[in-house]
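The values are calculated or read from the model by the stated rules, or taken from the named source; none is laboratory data. As the structure is a computational prediction, the values presented were derived from the model and not from experiment. Reconstructed Cβ throughout: ideal geometry from the backbone, glycine too, with neighbour counts over all protein chains shown.
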Amino acid sequence: MNEIIHVFKTQGNDIWQALLQHIGISLIALLIAALIAIPLAILLMRHKKTAEFILQITSILQTIPSLALLGILIPFVGIGTVPSIIALVIYAIMPIFQNTYSGLTSIDPNLEEAAAAFGLSTTKRLVRIEVPLAMPMIVSGLRIAMVMIIGTATLAALIGAGGLGTYILLGIQTNNNSLLIIGAVLSAVLALVFSGVIRILSRLSLKRLGIVVAATLVLISGAAGYRYLNRDKATITIAGKMGSEPEILINMYKELIEQDSSLKVNVKSNFGGTTFLFKALKSESIDVYPEFTGTVLESLVKTNKKVSHNPKATYRVAKSLLKKQYGMAYLKPMKYQNGYAVAVKKSFAKENHLKTISDLARVSDKIHAGFDPDFYQQTDGYPGLKKEYGLNFASVRTMEPTLRYRAIAKGKVNLVDGYTTDPELQEYDLVVLKDDKAFFPPYQGAPLLLQKTLTRYPEIQAALNKLAGKISTSDMQKMNYLVNMKHEKASKVAHDYLIKHDLIKK
């Protein structure tokens, strides 16, 4: 509790901003979904077959995993609020449409006949009888949709839309339960508050309800217009994958660029996996992100050549192919290599005489692995490792980076992937198995951006190349430890490193 209070004291403004972002995204999504679903249900209330077809379509859309849907939307509408709202609207339409249609079509036919006998027109029957009688069902649909929206909106943080999901992801990534609790509890409270507000609004007449909705739309439009008109034209966006290390790096990028240019920088941390970021960069939704040479050659560019295990040669090939195939610039890499590692507990290694990855083949039937989603699906991860070493584990589960370390600590799994700079390897007393077949390629991190961005803002290159050849493996391990274990802010850790090594002015 003391830690939670401390977080509120030190990050109160940030939490308030995240809460407002979450409210904004959720409210806009609900209004749009309602404006689509309710009129559509009214239009189709006397067309049963068409209504059932639409209901089937909306039900199918709901089965699409939210992360997959966000990934599909990024190339078309970029990152941030827009794809998040589109995804939430898609999920919210079904319960609103279904409940509205059910409410309208379950009205006693005798009432409909009586209304017609009194000479009420179709419009008057709808306004005076059908909608009021269906209102409980409509409200129920709205409340279901609202709870669904608020819960799913936490994933908006993965594509830079902000919201309370930022604290949930940050809490998971940095092993900070205080942040996790704050994000989760505020999301739950928000769902309860919105549910109560919807209940109150349902008691208003249709005319007053229309006024409230119109006023809300005007306020939201006004706020969005104000932000658009007052945005800084010379702003670039730097994003990072999930985890403390990318967040540290992008904050270093921010300080270096802002010191050496007039540019303003927005940072988007915990953006998601490699696929999300690369799509966002190609669609110009972000401008820069740190990427590793091994990942470039194994997962991003097309090449038939085997990846060299010489770091300099790997970087040269990666840089050349990125420029040729995607028109991207790959700036100079840092010193350290953040390569993949496969680790087990010391006790498990001793019991089964495990020293190398090849040794795992002997005990494949005993291995219950927990892998990061990127490692599980990329060719430089588990698929390639499985083929190279002839592995066939008893079970494999995917989970977020910090969760897999907790899982092995609690005995839920007995083998995990990791990175050589992960502080958790030491924290949980794990043994890194030797890559005796030299499967993993070199992994040097370097800024990746479009060539056109570099042409437009050439000052970026000089600023970011200050990190070339800097940051040792030991340096990065220590910085990751401060963020993940000591719960220091990544921006502070990044700033302290830059000051200590005279890369920025005090």
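Here are some notes:
- Test for G78: is it of a type outside the set (S, T, N, Q) and touching an Asp or Glu at 6+ places or on another chain (Cβ under 9 Å): yes
- Flag for I96 being of a type in the set (A, V, I, L, M, F, W, C) and either in a helix (DSSP H, G or I) or more than 27 Å from R128 (Cα to Cα) (or both): yes
- Taking the criterion of being part of a loop (DSSP other than H, G, I, E, B) and in contact with a helix residue (DSSP H, G or I) (Cβ under 8 Å, 6 or more places away or on another chain), the residues of segment 466-486 that qualify are I471, M485.
- Test set (1) assigned to a loop (DSSP other than H, G, I, E, B); (2) in the same structural domain as T398 (by TED's automatic domain parsing) - K505 fails condition number: (2)
- The selection criterion, being surrounded by 19 or more Cβ atoms within 10 Å (Cβ to Cβ), within 25 Å of V483 (Cα to Cα) and in contact with a strand residue (DSSP E or B) (Cβ under 9 Å, 6 or more places away or on another chain), does not hold for I357.
- A single member of I172, I149 is within 30 Å of L281 (Cα to Cα), in contact with an Asp or Glu (Cβ under 6 Å, 6 or more places away or on another chain) and either in a helix (DSSP H, G or I) or free of Cβ contacts under 8 Å to residues at least 12 places away in the same chain (or both), and it is I172.
- Leading residue by the ranking (nearest to the chain's Cα centre (by Cα)) among those in segment 105-136 that are part of a helix (DSSP H, G or I) and of a type in the set (G, A, S): A134
- Checking each residue in segment 273-297 for being assigned to a helix (DSSP H, G or I) and either within 30 Å of S84 (Cβ to Cβ) or without any contact (Cβ under 8 Å) to a residue 12 or more places away in the chain (or both) picks out T274, T275, F276, L277, F278, K279, A280, L281, K282, T295, V296.
- Count of residues meeting criterion [polar (S, T, N, Q) and assigned to a helix (DSSP H, G or I)] in segment 298-326: 4
- Identity of the residue in segment 188-222, over 34 Å from the mean Cα position of the chain (by Cα) and either modelled with pLDDT of 75 or more or among the aromatic types (F, W, Y) (or both), that ends up farthest from G24 (Cα to Cα): R203
- Residue match in segment 195-205 (condition: touching a residue at least 60 places away in the same chain (Cβ under 8 Å) and farther than 20 Å from W16 by Cβ): yes
- Single residue of L391, L425 found to be closer than 25 Å to T275 by Cβ and aliphatic (A, V, I, L, M): L391
- Flag if K470 is surrounded by fewer than 19 Cβ atoms within 10 Å (Cβ to Cβ), closer than 18 Å to F348 by Cα and either of a type outside the set (G, A, S) or in the same structural domain as P311 (by TED's automatic domain parsing) (or both): no
- In segment 360-380, the residues that are under 28 Å from the mean Cα position of the chain (by Cα) and surrounded by fewer than 22 Cβ atoms within 10 Å (Cβ to Cβ): H368, P373, Y376, Q377, Q378, T379
- Some residue of segment 6-17 being surrounded by fewer than 19 Cβ atoms within 10 Å (Cβ to Cβ), among the aliphatic types (A, V, I, L, M) and in contact (Cβ under 8 Å) with a residue 12 or more places away in the chain: no
- Residue-level check: of (1) of a type outside the set (F, W, Y); (2) assigned to a helix (DSSP H, G or I); (3) farther than 24 Å from F276 by Cβ; (4) touching a helix residue (DSSP H, G or I) at 6+ places or on another chain (Cβ under 6 Å), T10 misses just (4).
- Residue count for segment 430-447, restricted to those that are farther than 22 Å from V317 by Cα and aliphatic (A, V, I, L, M): 4
- Flag for G183 being assigned by TED's automatic domain parsing to the domain that holds A87, in contact with a Leu (Cβ under 7 Å, 6 or more places away or on another chain) and modelled with pLDDT under 90: yes
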